[in-house]
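Novice: Can you keep this structure in mind? I'll have questions shortly.
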Protein chains: 2
Amino acid sequence: MHLTRATLRPDLAILTMSGFLDARPRVGYFYSGKTANQLMGEHIRNLHVKDYKSVPVVVTEATSVYDAICTMFLEDVGTIFVIKKEGYLIGVVSRKDLLQTAMGKQDLSSIPVGVVMSRMPNLITCTPEDTLHYAAQQMMRHQVDSLPVVRPFQGDDRHLEVIGRISKTTLAKAFVELGQHISV
Amino acid sequence: MHLTRATLRPDLAILTMSGFLDARPRVGYFYSGKTANQLMGEHIRNLHVKDYKSVPVVVTEATSVYDAICTMFLEDVGTIFVIKKEGYLIGVVSRKDLLQTAMGKQDLSSIPVGVVMSRMPNLITCTPEDTLHYAAQQMMRHQVDSLPVVRPFQGDDRHLEVIGRISKTTLAKAFVELGQHISV
């Protein structure tokens, strides 16, 4: 078995393709220097928000806190995005924000969600082109459970349109999926 | 470069150790049949709950819903575990359960958390020896945000002692960590 010329052996070709081995003429196969951990890191950093985002749940700013809580239960999400009636993103409201409001003595059906939400420009967002890993880092860094996936609203980047949602549940699903690759 | 005898070449030894190549006397190196995805799956399935669990937040069943919500905010967790005063696990209460209760017209400081919690034996738990991947699958399957990590209470398995917590945040952290392995 001579490997001095890089005629691809079928069984080693897959390792060459996955980046573990390099094959060079008159050199043969050699180790690329990347460990399994490094390749796993690269694989994970190649997953993109656009392939994992789920459908966003939105309400307008005039919606009452009571109705927002009902929407949250009906849609079974932990975060709701708040938009202007024109359609662009103005806020995010979490289960935590709503719980805090619900503890007060106020009448929940008379408080608009716009009063208790976190507002632009203090929102953490991501785009479809971002990596899932970047979105995960943003969630951890800013301690939020969910990010709106956005793009410029009607092509104008003064406002943002919400086109998806990435949550810790999204990441948990990706984690389960990555762990499901098994040897045959 | 002859590889007919399995004298380990230093640059290929790492691939042998990581399971990609097998080295056999008089055969040389050959591909083990495992792809990078399969090895990544194996790597993920080798992470254990005991190495990732965080500190559990517990209250006794007589604690009021009001105080449970305060504890949740102070400790910044999404799920609280409820124990008997003797110390064993009897229930789990989530931000969602508390929000549902807070929407009612009742006085939150007069309702004990034991009334609104999910109860044993309907709780999803995990042990320190379970894999993180198993815990993640359980969370997804049963649609819960957090699992108590348990062991038999005082060595007797009729009751469970809570010794940790695994949440979707734990999984998000693991995901960020796995994606951080970079090539040098």
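The values are calculated or read from the model by the stated rules, or taken from the named source; none is laboratory data. Note that the coordinates shown come from a computational prediction; the quantities given were computed from them, not determined experimentally. In this analysis, Cβ positions are derived from the backbone assuming ideal geometry, glycine residues included, and neighbour counts consider all displayed protein chains. Heads up: the accessible areas ignore ligands, DNA and RNA and are worked out on the full protein's heavy atoms, side chains in. Shrake-Rupley method; radii C 1.70, N 1.55, O 1.52, S 1.80 Å.
Novice: Which one is modelled with the lowest pLDDT among residues in segment A:166-184 that are open to solvent by 40 Å² or more (accessible area, probe 1.4 Å) and not hydrophobic (A, V, I, L, M, F, W, C)?
Specialist: It comes out as A:183.
Novice: Mind checking which residues of segment B:148-184 are among the hydrophobic types (A, V, I, L, M, F, W, C) and within 16 Å of residue B:125 (Cβ to Cβ)?
Specialist: Scanning segment B:148-184 gives B:149, B:150, B:153, B:160, B:162, B:163, B:166.
Novice: Just name the residue that is farthest from residue A:181 (Cα to Cα) out of those in segment A:17-40 that are open to solvent by 40 Å² or more (accessible area, probe 1.4 Å) and within 7 Å of chain B (Cβ to nearest Cβ).
Specialist: Across segment A:17-40, the extreme among qualifying residues is A:30.
Novice: Pick from segment B:136-146 the residues that are in contact with a Ser or Thr (Cβ under 8 Å, 6 or more places away or on another chain) and open to solvent by less than 40 Å² (accessible area, probe 1.4 Å): which of them is farthest from residue A:44 (Cα to Cα)?
Specialist: Of everything passing the filter in segment B:136-146, B:146 is farthest from residue A:44 (Cα to Cα).
Novice: Might you let me know whether segment A:98-107 holds any residue that is open to solvent by less than 10 Å² (accessible area, probe 1.4 Å), over 19 Å from residue B:94 (Cβ atoms) and out of contact with any Gly (no Cβ under 6 Å at 6 or more places or on another chain)?
Specialist: no
Novice: Continuing with this model, one more query. Scan segment A:144-153 residue by residue and report those that are out of contact with any helix residue (DSSP H, G or I) (no Cβ under 6 Å at 6 or more places or on another chain) and without any contact (Cβ under 8 Å) to a residue 40 or more places away in the chain.
Specialist: A:151, A:152, listed by residue number.
Novice: Also, quick follow-up: Checking the structure you have, find out if any residue of segment A:147-154 is out of contact with any strand residue (DSSP E or B) (no Cβ under 8 Å at 6 or more places or on another chain), open to solvent by less than 30 Å² (accessible area, probe 1.4 Å) and within 14 Å of another protein chain (Cβ to nearest Cβ). Write out each step before concluding.
Specialist: The initial filter retains those residues of segment A:147-154 that are out of contact with any strand residue (DSSP E or B) (no Cβ under 8 Å at 6 or more places or on another chain), namely none.
No: zero hits.
Novice: While we're on this one: Which one is nearest to residue B:179 (Cα to Cα) among residues in segment B:41-70 that are of a type in the set (Lys, Arg) and open to solvent by less than 80 Å² (accessible area, probe 1.4 Å)?
Specialist: B:45
Novice: Would you point out which residue out of B:124, B:90, B:163 is open to solvent by 10 Å² or more (accessible area, probe 1.4 Å), closer than 18 Å to residue B:55 by Cβ, among the aliphatic types (A, V, I, L, M) and more than 8 Å from chain A (Cβ to nearest Cβ)?
Specialist: The match here is B:163.
Novice: Right, another one. Any chance segment B:141-153 includes a residue that's part of a loop (DSSP other than H, G, I, E, B), over 30 Å from residue A:65 (Cα atoms) and touching a Gly at 6+ places or on another chain (Cβ under 8 Å)?
Specialist: Among the residues of segment B:141-153, not one is part of a loop (DSSP other than H, G, I, E, B), over 30 Å from residue A:65 (Cα atoms) and touching a Gly at 6+ places or on another chain (Cβ under 8 Å), which makes the answer no.
Novice: For segment B:118-126, state whether one or more residues are in the same structural domain as residue B:63 (by TED's automatic domain parsing) and closer than 21 Å to residue A:77 by Cβ.
Specialist: yes
Novice: Do the conditions hold for residue A:176, that is, is it more than 9 Å from chain B (Cβ to nearest Cβ) and either more than 16 Å from residue B:178 (Cα to Cα) or not in a strand (DSSP E or B) (or both)?
Specialist: no
Novice: For residue B:141, work out the one condition from (1) within 14 Å of chain A (Cβ to nearest Cβ); (2) under 19 Å from residue A:95 (Cβ atoms); (3) without any contact (Cβ under 8 Å) to a residue 60 or more places away in the chain it doesn't fulfil.
Specialist: Condition not satisfied by residue B:141: (2).
Novice: Would you please list the contacts, defined by Cβ atoms under 8 Å and residues six or more apart or on different chains, that run from a residue in segment B:39-52 that is in contact (Cβ under 8 Å) with a residue 60 or more places away in the chain and within 24 Å of residue B:16 (Cα to Cα) to a residue that is assigned to a helix (DSSP H, G or I) and aromatic (Phe, Trp, Tyr)?
Specialist: B:44/A:175
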